[in-house]
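Just below is one structure, and these are the notes that go with it.
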Amino acid sequence: MPVISAPHAFNEGSLFVDLASIFGYRLYLKCEGFNFAGSIKLKAANEMVESAERDGSLTPDSILVESSSGNLGVALSMIAASKGYRFLCVTDCRCNLSTKLLMEALGSQVHVVTDLDANGGFLGTRLEYVRSLCASDDRYVWLSQYTNAGNWRAHYRTTAPEIAGQFPRLDVLFLGTGTAGTLMGCARYFREWHRPVRIVAVDSVGSVAFGGKPGRRMIPGLGMSMRPPLLDESYVDEVIRVEEADTIRTCHRLARRGFLFGGSTGTVVSAATDWLAQHDRHDLTAVAVAPDLGERYLDTIYQTNWLQDLYGEHLLDSAGLESSWDEKSASSRTPEHRRRP
Ligand SMILES: Cc1ncc(COP(=O)(O)O)c(C=O)c1O
């Protein structure tokens, strides 16, 4: 049993969900939401803060500042609170309400930008805001998750070996792309591994991370309105783009089996199950990474009015959701003792 005295000292790194009974393929989902920050971003935050402490750029009177769609902001809020730093998070109006409240509860300041940038996203506006803060006061320290090598190094050191240790015969790995930290850390590790692993990057439609046309994206986490500076496509074998409607259907399918995950997990699982179906491969060992859990999305992805307003009334009609009150499924799942007369 681990005993800790700092919140960032704990992370569950060895939990995988076998999705075979839900989707019919041997797809293992690595769960990154079991730590006090609730997401994979704890790893990048830890690595970047420790490296800034080591190189002397972060000192006790520094004010950390970062642009984040939410999860890195929560992780930095937690670390800052634990270590006694001040932290200002610059986010945008697509950040979940609960994520913003979490950061504030941890003692951070949160600035929400609302003006769209030239690509129809908010990233450009957020970065401009951070740059102007840094120019105004030299106590601001910007770790810059988009360019900081500590971001991908965290996954090279932790996420990838955690997967390799559990699946020594891994064939294909599905990774969502935001800053590309997770993707590049894992891709670099497996390039040097003892056997080839197919690296599949997953992005959302409307993101320009791998090129393409910008479009509306309402689910935070995955996708970028610029090319990620950390991305080196020579490490990527394939890119799959997922429509937000498919992300949401997959989230709901998982939830109906008791697994409440965040939006980017729905995106990655949707891409992985489609890929496995297209290639008709039941013999492969496949892993996908689930960056967070679903509670932060209760007022969006899991909220009927939000879904209907943005995606129409029939979004979930084709999701293949079994109602738990459906007679057939109820009888087939009724425990033995209740089925007896
Ligand atoms: C929920 C969620 N999923 C996926 C990602 C993408 O991870 P990365 O920035 O390592 O590409 C993020 C990044 O913020 C995230 O918050």
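FYI, it's all coordinate maths here, none of it is from the lab. Not measured: the values here are computed from a predicted model. All Cβ positions, even for glycine, are placed from backbone atoms using ideal geometry, and neighbour counts span all protein chains on display.
Details
- GluC sites (Glu not before Pro) within the stretch 1-75, DSSP loop, no more than 14 other Cβ atoms inside 10 Å: GLU12
- Less than 5 angstrom separates the built amide H of VAL141 from those of ILE63, LEU64, VAL65, all sequence-distant by 5 or more or on a different chain.
- Unit charges on C-beta of K, R, D, E only; dipole of the chain, Debye: 640
- Counting neighbouring beta carbons within 10 Å and listing from fewest to most, the residues TYR189, TYR297 come out as TYR189, TYR297.
- Net charge over other residues, Cβ less than 12 angstrom from the Cβ of GLY73 (K, R count +1; D, E count -1): +1
- Folded to 0 to 90 degrees: helix 41-54 orientation relative to the chain principal axis, Cα: 20
- Fraction of C-alpha pairs exceeding 35 angstrom in the chain: 22 percent, rounded to a whole number.
- On the basis of the beta-carbon distance and an R0 of 41 Å, CYS93 and HIS279 show a calculated FRET efficiency of 0.55.
- The stretch 122-151: chymotrypsin sites (Phe, Trp or Tyr not before Pro) falling in loop per DSSP and having at most 11 other Cβ within 10 Å: none
- Once the Cβ-Cβ distance of HIS194 and GLU104 is raised to the sixth power relative to R0 = 51 Å, the FRET efficiency obtained is 0.65.
- Shape of the stretch 23-134, Cα gyration tensor, a/c cut at 1.5: oblate
- Total formal charge among the other residues, if their Cβ is under 15 angstrom from that of GLY33, Lys/Arg +1 and Asp/Glu -1: -1
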